[in-house]
Amino acid sequence: MKGIVFVEFLEMVEGSFSADMVDDIIDDCALESGGAYTAVGTYHHSEMVALVGALSKRTGTPTPTLIRTFGEYLFGRFHSHHVGFFDGITDSLDFLEHIEDVIHVQVRKLYPNAELPRFEIERPNVNQLRMVYRSDRHMGDLAEGLIRQCIAHYGTPVTVERQDLDDRCGHVRFNLTRT
Amino acid sequence: MSDSKPDPDRLLRRAERERRARKEAERLLEEKSLELYEANQALRRQAMLLEDQVRERTAELHAALERAEAAASAKSDFLAVMSHEIRTPLNAVIGMSELLSLESLAPEHQEQVQLIHESGRNLLALINDILDFSKIEAGKVQLEQEAFDLVELLRSTLRSFEAQPAAAHLRLLTTLGTIPRRVIGDRVRLRQILTNLIGNAVKFTARGEVRLGAEAYAEADGWRLRVRVEDTGIGITPEQQSRLFEPFSQADASTHRCFGGTGLGLAICHRLVKQMQGDITCTSRPGQGSVFAFDVRLQSGIAAAAVPQPAVDDGTCGCAAPGVRVLIVDDNPVNRLLARRMTEHLGHHPEVSSSGAEALILVQGNDFDMILMDVVMPEMDGLETTRRIRALGLPHPPRIIALTANAFPEDRAKAIEAGMDGFLSKPLQIEQLRNQLCSTCLANHAPGGDRPG
C-alpha cells in the first residue's frame, strides 16, 4: 500500500484525536516500518489493518465506520492535492463513472506500481450508476467513504445503496441514484 | 499523559519516527534519481546508437548510390561505344548484301543474299530499340520543341504503312476530330510512338482494319492530344495486358516466334508518352482486336510561323544523266567501300577520303558535285570539315550530304548550321543514295545553275 495512504491516515488520527493517539496506536502494533511512513514509500497492507484495528480498540468505534470515515477524509485530501483531476467535471456520477479510465490512469502515472482496486462501472442512464468494487485489500468501506464524500462534494443528492457480495468487504456493489 | 506537558520520551520517539521517515524518503529519492539518471543515460546511448546507425546507413546508401551511378554511367558509355562498334560492321553487312542483290545471281543465291540483308536489318532494328530504350531509361532523351503540322504527321505516318506487304489486306483508316495543324512538340518522337502502335496493329491484324483516331483538347498554353489506334486483330489477354508496357515482355514467347520484334516498342512508347506528360492504355480481348490509346501534351504553335521542314530531299527523279563527281569522306574503310560501290553501281564517279583533313585538300584540287560526309570521325568530324570547306569559298560549292546513324532533330539542326544540304542515314540504302545523286544532278542541270553541264 502506498505510503501516502498511511501518512494521510495518521494525519487524520492526529487531527481527529491527538498526536498521542498516533503514538499509541503505533505502539500498540508491532509494525515492520515502526510507523515511520513517508508518502513516497510503499508498505505492507497488513500495517494499515493493524493500525485501524488498534484505533478501533482504543476509541470503541467499529472498524468499518473508521475506514469509511477515512475514505471521506481521503477524498477531501485527494481533491485538494489533485484538483486538476476534477477539471470540467460538474457531477458526482460523471466523476465516478470515469474512475477507471481517467482517475486511475492519472494515479498510475504518479505511482507506477500502485495496486489499485478494480471497478466495474455501468451507467444505465444519466441518473444511475452501478459500481462493483473488487480488491484483495478488502477496502469496500474505504470505497464507500470515498463515494459518499464525492457525492457530498458535488452537492447533488444521490442515494447510495450498498450490497456486499462477500463477507470480507472485498467485493461490493454500489447502486447510485440521483434523487 | 498530560496535555500541557508531553512526555519527553514520547517526543523523542516521535522525532525518531520522523527522522526515519525522512531518511526513508531520501533513500527512495536517491534510488529514483539513480533510476532516472540511468534511464536518461540509456536513452542517450540509444539516441547516439541510432544516430550512428543512421549515419552508417546514410553512408552505405551514399556509396551504393555512387556505385549505381558509376555503373549506370559505365553502362551508357559502353552502350554508346558498342552502338558505334556494332552498327559499323552491321551497316557493311546490310549495304554489301544490298549491293550484292543488285548483281545477277542464281535465284538460290539471290534468296540467300536477301535473307542476309533482312537479318541484318532486323538486327539493326533490335539494336536501335535497345539503345533507344537505354537512352530513355537513363533520362538522356531530351524532347524537342519544334513547330510541325500535326495533321500531316498523323496522315503521313499512317500512309507510310500502305506500301507494306503486311498491310495489303487491311483497310487503314483515319478518324480525326478537332486537331490544330500547327503545334510545338517532338515530331520525331511522336511519329515514333505512332509508328510503333500502328506497326503493332498491322502486324497483329490479318484482316479487317486498322483505324487511327485523334482529337485534341485545348489546355492551358497548349493542347492535350488523344490518339487511339484500333485494330481487328488477334487481341491480348488481360494477363498479357498487365505486362504490356514493361520492357522485354512480349505478350508471350510464342509471339516472338510468330511475329518477331524486340518487346521494347511498347516500353519505349510508354516512357515517351510519360515524358510528354501523358499516359498510354490498352483495352483488348483475345480475338476481338485491341485499342491502344494515349494522350500527350503539345504546345500551341504560332499560327503564322512557317514550319521549318528538315531539308531532306526524298523526291525521286528520273534523272538519267550519270557522271556526278562524288567525294566520300569516312574514316571506316568498309563504309568507304560500300559508298563507293553503290555510287559506281549507279553510274557516278566516286573518290574516297579517310579523314576531314584529307578531304579539305582534295576539294581544293578537284571539282566535286557532292560530298558524302560521315559526321562522326576522329580528329576532325564531319561538321567541322563541312564548316572549313564552306569557309574555303570554292567557286563551285559541292552539295554536302551528311551520313549519320541517327537523324534526330538535334543532329539535323547541327548539320544545317555547319552548312550541309541533306542527310543519308546509315546503313546507306541504294535508293536513297540514288535520290541524293539525282538531286545533285538536277541542280547541276538546272537553268541558272551556276555550273556548266
Distribution of pairwise C-alpha distances over region A:90-179, 10 Å bins, in %: 17, 50, 30, 3
The answer for the net charge of residues other than B:Thr343 whose Cβ lies under 11 angstrom from its Cβ, with Lys and Arg +1 and Asp and Glu -1, is +3
With every protein chain left in place, what is the accessible area per residue of chain B in square angstrom, probe 1.4 Å? 55 Å²
So what does B:Glu239 come to for accessible area, using a 1.4 Å probe and Å² rounded to 10? 110 Å²
Cleavage-rule hits (GluC sites (Glu not before Pro)) in region B:371-438: DSSP loop, at most 13 neighbouring Cβ within 10 angstrom: B:Glu379
Chain A: Rg/Rh from Cα coordinates, Kirkwood Rh? 0.96
Quickly estimate the mean residue ellipticity at 222 nm for chain B, helices only: each DSSP H run with n ≥ 4 gives -39500 (n - 2.57), and the total goes over all residues, rounded to 500. -18000 deg cm²/dmol
Added length on full extension, which subtracts the Cα-Cα distance from 0.36 nm per residue, B:Ala106 to B:Glu118: 2.5 nm
Net charge contributed by nearby residues that have their C-beta within less than 12 Å of B:Leu153 (K/R +1, D/E -1): +3
How big is D, in µm² s⁻¹, for the protein assembly as shown by Stokes-Einstein at 37 °C and 0.692 mPa s if Rh is the Kirkwood radius over C-alpha pairs? 95 µm²/s
What does the accessible area per residue of chain A come to in Å², with a 1.4 Å probe and no ligands, DNA or RNA counted? 48 Å²
Considering protein heavy atoms only and a 1.4 Å probe radius, which residues within region A:14-37 exhibit an accessible-area decrease of no less than 50 Å² in the full assembly relative to the chain by itself? A:Asp20, A:Asp23, A:Ala36
When only C-alpha pairs under 8 Å and at least 6 residues apart count, what is the relative contact order of region B:146-300, in percent? 24 percent
So if each residue of separation counts as 0.36 nm, and I subtract the Cα-Cα distance between B:Arg67 and B:Arg19, what length gain in nm does that give? 10.2 nm
Once phi is turned into θ = phi - 60°, what whole-Hz ³J(HN,Hα) does the Karplus curve with 6.51, -1.76 and 1.60 give for every residue of region B:29-43, x standing for Gly and Pro? 4, 4, 4, 5, 4, 4, 4, 4, 4, 5, 4, 4, 4, 4, 4
Given unit charges at Cβ for Lys, Arg (+) and Asp, Glu (-), the dipole magnitude of region B:325-445 about its Cα centre in debye, nearest 20, is 240 debye
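Under 1.5 on a/c is rounded, so check that first for region B:325-445, then, if it is not, pick prolate when a/b is larger than b/c and oblate when it is not; a ≥ b ≥ c are the square roots of the alpha carbon gyration tensor eigenvalues. Walk me through the numbers on the way to the answer.
Values: a/c = 1.21, a/b = 1.07, b/c = 1.13.
Because its axes are fairly even, with a/c under 1.5, region B:325-445 counts as rounded.
With an 8 Å cut-off on Cα pairs and a minimum separation of 6 or more residues, tell me the relative contact order of region B:143-224 in percent.
On the way: 108 pairs, mean separation 33.5, N = 82.
In percent, rounded to a whole number, it is 41.
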So which lysines pass the test for B:Lys23, namely a Cα distance under 27 Å, with those fewer than 8 places away in the same chain ruled out? A:Lys2, A:Lys109, B:Lys32
If each residue of separation counts as 0.36 nm, what is the full-extension length gain between B:Arg207 and B:Thr178 once their alpha-carbon separation is subtracted? 7.5 nm
Would you check the accessible area of A:Thr59, probe 1.4 Å, heavy atoms only, in square angstrom rounded to 10? 40 Å²
Which trypsin sites (Lys or Arg not before Pro) in region B:112-182 sit in a loop by DSSP (not H, G, I, E or B) and have at most 16 other Cβ atoms within 10 Å of their own Cβ? B:Lys140, B:Arg181
Amide H to amide H under 5 Å from B:Ala402: which residues, 5+ apart in sequence or cross-chain, H placed 1.01 Å off N in plane? B:Met373, B:Asp421, B:Gly422, B:Phe423, B:Leu424
Longest principal axis of chain B (C-alpha) makes with the long axis of helix B:356-365 (C-alpha) an angle, in degrees to the nearest 10, of 20 degrees
Would you please classify the overall shape of region B:45-105 from the alpha carbon gyration tensor, given that a ≥ b ≥ c denote the square roots of the eigenvalues, rounded means a/c under 1.5, and beyond that prolate means a/b larger than b/c while oblate covers the rest? prolate
Relative to the longest principal Cα axis of chain B, at what angle does helix B:150-159 sit, 0 to 90 degrees, rounded to 10? 60 degrees
What are the extents of the Cα atoms of chain B along their three principal axes, listed from largest to smallest and rounded to whole Å? 150, 59, 54
Leaving out ligands, DNA and RNA but keeping every protein chain, what accessible area does B:His396 have, in Å² rounded to the nearest 10, with a 1.4 Å probe? 30 Å²
What residues in region B:2-35 lose 30 Å² or more of accessible surface when the other protein chains are added to their chain alone (1.4 Å probe)? B:Arg10, B:Arg13, B:Arg14, B:Arg17, B:Arg20, B:Ala21, B:Glu24, B:Leu28
Where the accessible area of the protein assembly as shown is counted over protein heavy atoms with a 1.4 Å probe, how much of it, in %, is carbon and sulfur? 54 percent
What percent do you get for the relative contact order of chain B when only Cα pairs under 8 Å and 6+ apart count? 11 percent
Compute, for region A:1-83, the length of the dipole vector about the Cα centre, with Cβ point charges of +1 (Lys, Arg) and -1 (Asp, Glu) only. Units Debye, rounded to 20. 340 debye
Summed buried accessible surface, chains A and B, 1.4 Å probe, nearest 100 Å²: 1000 Å²
Quick one: net charge around B:Gly208, please, counting Lys, Arg +1 and Asp, Glu -1 for every other residue with C-beta under 11 Å from its C-beta. 0
Sorted by accessible area with a 1.4 angstrom probe, largest first, how do B:Met96, B:Met48 fall? B:Met48, B:Met96
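The values are calculated or read from the model by the stated rules, or taken from the named source; none is laboratory data. Values in this document were obtained by computation on a predicted structure and should not be read as measured data. A quick note on method: Cβ atoms are made from the backbone with ideal geometry, for glycine too, and the neighbour counts reach across all protein chains shown. The area values use the complete protein model at the heavy-atom level, side chains included, leaving out ligands, DNA and RNA. Shrake-Rupley method; radii C 1.70, N 1.55, O 1.52, S 1.80 Å.
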